[in-house]
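Here is the structure we will look at.
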Amino acid sequence: MPSLTSAAWTSVGKKVLTAVTGLGLSLFVLLHLLGNLAYFDSDPNAINRYSHFLHNLGAIFYTLEFILLVAIVLHIILGIVIYVRRKKLRPVEYAVSATRGGASKKNFSSKTMIWTGIILLIFIVIHLQTFKWGPGVEDGYVATENGEELRIDGKPIKDVHQRLTEVFKKEGYVIGYLAVMIFLGFHLRHGVWSAFQSLGANNPKLSPIIYTIGGIFAVFIAFGFLFLPIYIYFFV
């Protein structure tokens, strides 16, 4: 019998792994969006406490971060491998390429998956550099409450609220962020449906429902992330 590794690297195995990692990352994106809602709490420190709580999980947090990193790297590698293989099988595109529905669901989202994926990868690095690896407590981003440093367990916590406000007041970052979130929507639009297809949910009656749900999810995520920078830029 083939080993688990060799089975995973078959054509079907790669599609399944891409689907699983893709759905896992979609879940993370949803949770990340819901976490951002803490910014709108009447208490500016709500998102600061939320961020501190996550980082204070210790080994659990770092384990989840590692799993997330593995999922991202694996998803990227598999996506590139599948794209290259498809190009080798069809090195020249058809002279006429039209958007069509049916079983293939071929459209702008499906035809740009590799490119929107690359854009999202670049964005992830910039986003981490801006927020996670960016300035923190040691650089003066210390949360305050009633005019004094907000401390938990005797230690000052990072003012994530201030950092978000500061970054999303920059026109260039906001425009770039909005563009990337639109690309994220396109990526999810096809990715969610394709993932379920790869996992066997290709029943003629079920497939249109999943396709619709994937579209609604993509719009919800894209516009959900768009709302925060627009709100901060114009109203804060």
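Assuming 0.36 nm per residue, please report the length gained on full extension of the stretch Ile67 to Phe223 beyond their Cα-Cα distance.
53.5 nm
Taking amide H positions as placed in the peptide plane 1.01 Å from N, state which residues far from Glu149 in sequence (5 or more) or on other chains have amide H under 5 Å from it.
HN-HN under 5 Å from Glu149: empty list.
Can you sort Thr112, Thr212 by how many other beta carbons sit within 10 Å, fewest first?
Sorted ascending by nearby Cβ count, the order is Thr212, Thr112.
List every residue whose amide H lies under 5 Å from the amide H of Val142, counting only residues 5 or more places away in sequence or on a different chain, with H placed 1.01 Å from N in the peptide plane.
Asp159
Using a 10 angstrom cutoff on alpha carbons, build the Gaussian network for the chain and name the most mobile of Leu23, Leu184, Leu206.
Checking each option, the largest mean-square fluctuation is seen for Leu206.
Considering only C-alpha atoms, what is the centroid distance from the stretch 58-83 to the stretch 199-222, in Å?
The two parts, judged by their Cα centres, are 24 Å apart.
Which of Asn146, Val125, Pro135 sits farthest toward the positive end of the charge dipole of the stretch 115-155, with +1 on the Cβ of Lys and Arg and -1 on the Cβ of Asp and Glu?
With unit charges placed on the Cβ atoms, the residue in question is Val125.
Setting aside same-chain residues fewer than 8 positions from Lys205, which lysines have a Cα under 26 Å from its Cα?
Reachable lysines: Lys14, Lys15, Lys105, Lys106, Lys111.
Only counting other Cβ atoms within 10 Å, I'd like Phe131, Phe183 sorted with the fewest neighbours first.
Least to most surrounded, the residues fall as Phe131, Phe183.
At 222 nm, what helix-only mean residue ellipticity would the chain give, in deg cm²/dmol to the nearest 500, using -39500 (n - 2.57) for each DSSP H run of four or more?
The helix contribution divided over the chain gives -22500 deg cm²/dmol.
At q = 0.12, 0.14, 0.15, 0.22 Å⁻¹, what log₁₀ I(q)/I(0) does a Debye calculation on the Cα points of the stretch 123-236 give, no solvent, two decimals?
Result of the Debye calculation: -0.61, -0.74, -0.79, -1.13.
No value in this document is a laboratory result; all are computed from the given coordinates. Keep in mind that this is a model prediction, so the values were computed, not measured. When we count neighbours, we look across all protein chains shown, and the Cβ atoms used for this are built from the backbone with ideal geometry, even at glycine.
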